[in-house]
Amino acid sequence: MHLWVRVETDAGVTGIGECVHGGHASIALIKELEPRLVGLDPFAIDKIFEDIRRSLVFEGGFAGALITALTGIEIALWDLKGKALNVPVYELLGGKFRDKVRVYADCEVSPGLNLDEAKRVVDEVLERGFTALKIDLDIFAYGHTGSETEHYVKDKFNMTPNRWEHERMVKLAETVVAAAGPEIEVATDLHTLLDKHSAIRLARDLEPLKLMWLEEPVPPENIDTMREITAATSTPICAGENLYLRHGFRDLIEKQAVDIIMPDIPKCGGLSECRKVANMAEIYSIPFAPHNVSSPIGTMASAHVCATVPNFLVLEFHWTKRDYWTTIIQEKTDIIRDGHIEMTDRPGIGLELDEEVARQHQYPGTTWFE
Ligand code: MG
């Protein structure tokens, strides 16, 4: 579900933002926070965010739907400020390190382990100009159990794959890397589903493939376990799509428990916060590769942060199968061309929602900017 936030001012300037993964709780929270924004200086973005957050620590101002709701407001305020000052958001964030933001495509490769089938999926992505892609090693690796979300044949909750399951994950990665060829980078995701020794064994067996990364082999909450896995393999370990705020990333970065961090910018705190997270990571030589499942609005907002930090690696694109990707914005264009998002000099985030098209996809039971 895409959740867009609009902030209006008495000066007639408006801003649009987006947040993800907050669900109906974030919608309710945004409505609740609305009266608190009336009369404030909309340019004091960090102050508004931090003032509201600190006042709500008893209500969960460290993580979850509340932070996500605040994030949607924060991004809309950046868009508003950019438009009011007639500059792109990246100028307000310190200026660009790069004119184009590299994007990778998240794709679904079924467990057929058939090179031709993997080639077909990979070719679709390459035709669109991407130079990097990601596959799930877990979710679709065992598709014959009857449920697409069924993870392991033996037991959905046990984190220990047996030898057959281990080999199947290795084979799936090998098949996709072979299909992609030497020019294309491949990342893999495990959605926190392994135990420590299985993760180390898998990461080591994947080493010859020189993957871009192996994502969240175990839950990132246990920093020490993550660090042991990272130290035990040359396969880069990546984590962070479910962490919030710079506080949530602090230990992961300071203990160098991962090789790459991947905050979801329109979920975990917004543009200011994630720029700080990227800066914290940079002093430990850790690249920044944000998770992203947003519409073009949130994706472009994320790109503004990616353009302004030195250690940016690559940004996710999740919606190769969504037919509204280009029609849902007034610009009627794919913001991703040849695997990159070009940073324009349009003010604010630089995109406008086509509300007529967007409303055709409105989620049942939700309101429309009310
Ligand atoms: Mg992931």
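The values are calculated or read from the model by the stated rules, or taken from the named source; none is laboratory data. Model, not experiment: these values are computed from the prediction. Neighbour counts are summed over all protein chains in view; Cβ atoms, including those assigned to glycine, are modelled from backbone coordinates with ideal geometry.
Some observations on this one:
Per-residue answers, yes or no, for (1) under 30 Å from ILE184 (Cα atoms); (2) under 19 Å from the mean Cα position of the chain (by Cα); (3) modelled with pLDDT of 95 or more; (4) loosely packed, with under 15 Cβ neighbours inside 10 Å:
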site: LYS83; (1), (2), (3), (4): no, no, yes, no
site: ARG102; (1), (2), (3), (4): yes, yes, yes, no
site: PRO111; (1), (2), (3), (4): yes, no, no, no
site: LEU115; (1), (2), (3), (4): yes, no, no, yes
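- All of ILE229, ILE341, ILE336, ILE297 fail the test of being of a type in the set (A, V, I, L, M) and within 22 Å of ASP46 (Cα to Cα), apart from ILE297.
- Test: residue in region 54-63 that is aliphatic (A, V, I, L, M), in contact with a strand residue (DSSP E or B) (Cβ under 9 Å, 6 or more places away or on another chain) and part of a helix (DSSP H, G or I): no
- Cβ pairs under 7 Å, 6+ apart, first in region 272-293 and free of Cβ contacts under 8 Å to residues at least 40 places away in the same chain and at positive phi, second surrounded by 24 or more Cβ atoms within 10 Å (Cβ to Cβ) and not β-branched (Val, Ile, Thr): none
- Residue ID - modelled with the lowest pLDDT, chosen from residues in region 176-199 that are part of a loop (DSSP other than H, G, I, E, B) and surrounded by 21 or more Cβ atoms within 10 Å (Cβ to Cβ): LEU193
- Region 76-128, subset within 16 Å of the ligand (Cβ to nearest atom) and among the acidic types (Asp, Glu), residue nearest to GLU352 (Cα to Cα): ASP106
- In region 205-223, of all residues being part of a loop (DSSP other than H, G, I, E, B) and over 20 Å from the mean Cα position of the chain (by Cα), the one that is surrounded by the most Cβ atoms within 10 Å (Cβ to Cβ) corresponds to LEU206.
- Residues satisfying the stated conditions in region 224-252, i.e. part of a helix (DSSP H, G or I) and farther than 24 Å from LEU66 by Cα: ASP224, THR225, MET226, ARG227, GLU228, ILE229, THR230, ALA231, ALA232
- When the test is whether a residue is under 21 Å from the mean Cα position of the chain (by Cα) and touching a residue at least 60 places away in the same chain (Cβ under 8 Å), VAL20 passes it.
Per-residue answers, yes or no, for (1) more than 16 Å from the ligand (Cβ to nearest atom); (2) of a type in the set (S, T, N, Q); (3) closer than 30 Å to GLY61 by Cβ; (4) in contact with a Leu (Cβ under 7 Å, 6 or more places away or on another chain):
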| site | (1), (2), (3), (4) |
| --- | --- |
| ASP195 | yes, no, no, no |
| MET212 | no, no, no, no |
| THR235 | no, yes, no, yes |
| LEU245 | yes, no, yes, no |
| LYS255 | yes, no, yes, no |
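- Filter result for GLU370 (closer than 16 Å to ALA76 by Cβ, at pLDDT below 95, touching a Lys or Arg at 6+ places or on another chain (Cβ under 9 Å) and not assigned by TED's automatic domain parsing to the domain that holds ALA105): yes
- Qualifying residue in region 299-319 (condition: touching a Gly at 6+ places or on another chain (Cβ under 7 Å), hydroxyl-bearing (Ser, Thr, Tyr), farther than 19 Å from CYS238 by Cβ and not in a helix (DSSP H, G or I)): yes
- Selection over region 320-351 of residues that are surrounded by fewer than 17 Cβ atoms within 10 Å (Cβ to Cβ) and either part of a strand (DSSP E or B) or not β-branched (Val, Ile, Thr) (or both) gives a count of 12.
- Some residue of region 280-296 being touching a strand residue (DSSP E or B) at 6+ places or on another chain (Cβ under 9 Å), among the hydrophobic types (A, V, I, L, M, F, W, C) and modelled with pLDDT under 95: no
- Filtered by the rule that a residue be within 16 Å of the ligand (Cβ to nearest atom) and closer than 21 Å to VAL186 by Cα, region 295-345 gives THR299, LEU313, VAL314, LEU315, GLU316, PHE317, HIS318, TRP319, THR320.
- Pairing each residue of region 312-332 that is under 20 Å from ILE349 (Cα atoms) with any residue that is away from the ligand (no atom under 16 Å from the Cβ) and at pLDDT below 90, provided the two are 6+ apart or on different chains, yields C-beta distances under 7 Å for TYR324/HIS361.
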